[in-house]
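Asks: Next up is a structure, given as structure tokens.
The values are calculated or read from the model by the stated rules, or taken from the named source; none is laboratory data. A quick note: this is a predicted structure, and the numbers were derived from the prediction, not measured. Every residue, glycine among them, receives a Cβ derived from its backbone with ideal geometry; neighbour counts consider all protein chains shown.
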Amino acid sequence: QVQLVGSGGGVVRPGKPLRLSCTPSGFSFSDYALHWVRQAPGKGPEWLSVISHDGSNKLYADSVKGRFTISRDNSKNMLYLQMNSLTGDDTAIYYCARGANTGWFFDHWGRGTLVTVSS
Amino acid sequence: DVVVTQTPLSLSVTPGQPASISCRSSQSLLHGDGKTYLYWYVQKAGQPPQLLLQEVFIRFSGVPDRFSGSGSGTDFTLTISRVEAEDVGVYYCMQSVQLPWTFGQGTKVEIK
């Protein structure tokens, strides 16, 4: 059974950094691209970033480019999102999601982790 | 960015009755490879979104056949043939023909 569990969220002050983690299970981690998607309170999901199966390619949404960094450690089966220069607009539930191998979509989403940026 | 617009934003349905949600994109979701990159997700309370349909009409594993999708180009529809109580949630369409992948605002489906 495919599972992804996000962690590392919490309350953080504006301008401070935070690193999120995603722990997958139930599939061959190194065979799949992985994404981060966030959802602000009462809003629809917003795609943030994708990393290829081997970590060689990374893409970002304009809203986080230059502030967020996606990475993965295939030896540890872990996905990360380093978030810097946080503002109130970054307050959201952050989800990791698996990219399907058969197309351009998310086939499984993880349990999200809440990030609240507040002074 | 491709803008995706859903209507209605909320829907109250009697169990056993049909329901339809419309999704319109600001540009065609038909790719040069012949695929149409339009997907439907449902988000139930307190859960992450889960995939219902891929490439307009292909039901994901385990999705009941009362869910169907149609449309082409820029106009798409999700239809639930006979709504059940477990179908309560917020439904999102998503396009992935172009980065960034973008979602509609969501349609909240409630039971009367």
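Asks: Does residue B:11 satisfy being of a type in the set (A, V, I, L, M, F, W, C), within 11 Å of chain A (Cβ to nearest Cβ) and either outside any loop (DSSP other than H, G, I, E, B) or under 12 Å from residue B:90 (Cβ atoms) (or both)?
Replies: no
Asks: While we're here: Among the candidates A:73, A:31, A:62, single out the residue that is more than 12 Å from chain B (Cβ to nearest Cβ), out of contact with any strand residue (DSSP E or B) (no Cβ under 9 Å at 6 or more places or on another chain) and either buried (at least 17 other Cβ atoms within 10 Å of the Cβ) or not polar (S, T, N, Q) (or both).
Replies: Only one candidate qualifies: A:31.
Asks: Collect the residues in region A:34-47 that are facing chain B (nearest Cβ under 9 Å), under 24 Å from residue B:9 (Cβ atoms) and of a type outside the set (Val, Ile, Thr), keeping them in residue-number order.
Replies: Once the filter is applied, which keeps residues that are facing chain B (nearest Cβ under 9 Å), under 24 Å from residue B:9 (Cβ atoms) and of a type outside the set (Val, Ile, Thr), region A:34-47 yields A:39, A:43, A:44, A:45, A:46, A:47.
Asks: Criterion first (loosely packed, with under 14 Cβ neighbours inside 10 Å, assigned to a strand (DSSP E or B) and away from chain A (no Cβ under 13 Å)) does residue B:110 satisfy it?
Replies: Spelling it out, residue B:110 is indeed loosely packed, with under 14 Cβ neighbours inside 10 Å, assigned to a strand (DSSP E or B) and away from chain A (no Cβ under 13 Å).
Asks: Mind checking which residues of region B:31-48 are touching a Gly at 6+ places or on another chain (Cβ under 9 Å), in contact (Cβ under 8 Å) with a residue 12 or more places away in the chain and not β-branched (Val, Ile, Thr)?
Replies: Passing the criteria: B:35, B:37, B:38, B:39, B:40, B:43, B:44, B:45.
Asks: Can you tell which of A:62, A:31, A:89, A:73 is touching a His at 6+ places or on another chain (Cβ under 7 Å) and at pLDDT 95 or above?
Replies: Exactly one of A:62, A:31, A:89, A:73 is touching a His at 6+ places or on another chain (Cβ under 7 Å) and at pLDDT 95 or above, namely A:31.
Asks: Criterion first (charged (D, E, K, R) and crowded, with 19+ Cβ neighbours inside 10 Å) does residue A:90 satisfy it?
Replies: When the stated conditions are applied, residue A:90 passes them.
Asks: If a residue must be under 13 Å from residue A:23 (Cα atoms) and part of a strand (DSSP E or B), how many such residues does region A:72-98 contain?
Replies: Total meeting the criteria: 10.
Asks: Quickly run through region A:63-103 and pick out the residues that are out of contact with any Asp or Glu (no Cβ under 9 Å at 6 or more places or on another chain) and under 18 Å from residue A:27 (Cα atoms).
Replies: Selection gives A:73, A:75, A:76, A:77, A:78, A:95, A:96, A:102.
Asks: Do the conditions hold for residue B:46, that is, is it surrounded by fewer than 18 Cβ atoms within 10 Å (Cβ to Cβ), at pLDDT below 95 and of a type outside the set (Phe, Trp, Tyr)?
Replies: yes
Asks: List the residue pairs whose Cβ atoms are under 7 Å apart, where the first residue sits in region B:81-92 and is at positive phi, the second is of a type in the set (D, E, K, R) and loosely packed, with under 14 Cβ neighbours inside 10 Å, and the two are 6 or more positions apart or on different chains.
Replies: B:89/B:44
Asks: Among all residue pairs at least 6 apart or on different chains, which show Cβ distances below 7 Å where the first residue, located in region B:1-17, is of a type in the set (A, V, I, L, M) and the second is in a loop (DSSP other than H, G, I, E, B) and surrounded by 12 or more Cβ atoms within 10 Å (Cβ to Cβ)?
Replies: B:2/B:26; B:2/B:27; B:2/B:97; B:2/B:98; B:3/B:26; B:4/B:104; B:9/B:105; B:13/B:83
Asks: So which of B:68, B:61, B:28 ends up being part of a strand (DSSP E or B) and either in contact (Cβ under 8 Å) with a residue 40 or more places away in the chain or farther than 28 Å from residue A:60 by Cα (or both)?
Replies: One residue alone meets the criteria, B:68.
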